[in-house]
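Trainee: The structure follows.
The values are calculated or read from the model by the stated rules, or taken from the named source; none is laboratory data. These numbers were taken from a predicted model, which means no experiment stands behind them. Ideal geometry is used to build each Cβ from the backbone, glycine not excepted, and the neighbour counts take in all protein chains shown. Please note that ligands, DNA and RNA were not included when accessible areas were found on the heavy atoms of the full protein model with its side chains. Shrake-Rupley method; radii C 1.70, N 1.55, O 1.52, S 1.80 Å.
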Amino acid sequence: MGAAPAAPICASGVALRRGTLRYMAIASTSYRLDAELKRHLATHAAYEGITETALVTRLLEEGLRMARFPGIVFRDGPTGRRPGLSAGPDIVEVMSGVRYAVGRGEAKIRDAAEQMGLPERLIRLAVDYASAYPDEVEEALARYDAALDEAKAMAEQRARLLAS
C-alpha cells in the first residue's frame with residue numbers, strides 16, 4: 001500500500017497574540033503535508049485550543065528563531081509561551097540580570113554570568129536574542145518587573161499578618 005496522499009493546509013491571515021510572538025495577516029500560502037503529519041497537527045492544535053493555522057504559524061516562527069539563535073528554545077508556563085536558554089532560564093530572567101550587572105560591554109556580561117552562574121556565551125546568546133527582538137523583550141521585562149513587585153508586596157503583607 002502506498003503512502004497516504006499529502007493533506008493541504010493553508011497558512012493564511014492569523015491576527016492573534018499568543019505568548020511572546022505576534023502574528024499578522026500578510027499573505028496566504030498553501031503547503032502540502034503528509035497525511036499523518038496533518039493529523040498530528042490537528043490533534044495538537046485541538047489540544048492547545050487554537051487553530052491549525054495559528055499552530056503552524058507559531059511553530060514556523062519559533063523554529064526560524066531557534067535556527068537563527070541555536071540554544072534558544074520556547075517553553076510554556078504560567079506567563080504564556082516564552083523564549084529561554086535551552087540549558088538555563090528564560091531570556092527575560094537573563095536580561096533582568098544583565099540590566100543590573102555591573103560594568104559595560106564585556107565586563108557587564110562577565111558580571112551577569114558570574115551572578116547567574118551561567119557561561120558568558122549563554123549571556124551573549126540572550127543579549128543577541130534580545131537585540132533582535134527588543135520590543136518583545138522590553139515588554140516581557142515590564143511584565144516580569146510587575147510580577148516581582150506583586151510578589152514582594154504579597155510577602156510583606158504575609159509577614160505583617162503573621163507578625164500580629
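Trainee: Assess whether Glu93 counts as being in contact with a strand residue (DSSP E or B) (Cβ under 9 Å, 6 or more places away or on another chain) and not polar (S, T, N, Q).
Mentor: Yes, satisfied.
Okay, residues lined up against (1) small (Gly, Ala, Ser); (2) in contact with a Lys or Arg (Cβ under 7 Å, 6 or more places away or on another chain); (3) touching a residue at least 12 places away in the same chain (Cβ under 8 Å):
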| residue | (1), (2), (3) |
| --- | --- |
| Leu64 | no, no, no |
| Ala87 | yes, no, yes |
| Gly117 | yes, no, no |
| Leu125 | no, no, yes |
| Ala142 | yes, no, no |
| Asp149 | no, no, no |
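Trainee: Now a separate question. Do the conditions hold for Val94, that is, is it open to solvent by less than 20 Å² (accessible area, probe 1.4 Å) and of a type outside the set (S, T, N, Q)?
Mentor: So Val94 passes the test.
Trainee: So, in the range 66-87, of the ones that are modelled with pLDDT of 95 or more, part of a loop (DSSP other than H, G, I, E, B) and more than 12 Å from the chain's Cα centre (by Cα), which residue ends up surrounded by the fewest Cβ atoms within 10 Å (Cβ to Cβ)?
Mentor: Pro70
Trainee: Ok, one more. How many residues, within the range 98-110, are assigned to a helix (DSSP H, G or I) and surrounded by fewer than 19 Cβ atoms within 10 Å (Cβ to Cβ)?
Mentor: Looking only at that region, the number is 6.
Trainee: Just checking, does the range 147-156 include any residue being under 16 Å from Arg99 (Cβ atoms), at pLDDT 95 or above, open to solvent by 40 Å² or more (accessible area, probe 1.4 Å) and part of a helix (DSSP H, G or I)?
Mentor: So far as the range 147-156 goes, no, none of its residues is under 16 Å from Arg99 (Cβ atoms), at pLDDT 95 or above, open to solvent by 40 Å² or more (accessible area, probe 1.4 Å) and part of a helix (DSSP H, G or I).
Trainee: While we're on this one: Exactly one of these conditions fails for Ala126: (1) open to solvent by 40 Å² or more (accessible area, probe 1.4 Å); (2) out of contact with any Ser or Thr (no Cβ under 8 Å at 6 or more places or on another chain). Give me its number.
Mentor: Only one criterion is unmet by Ala126, namely (1).
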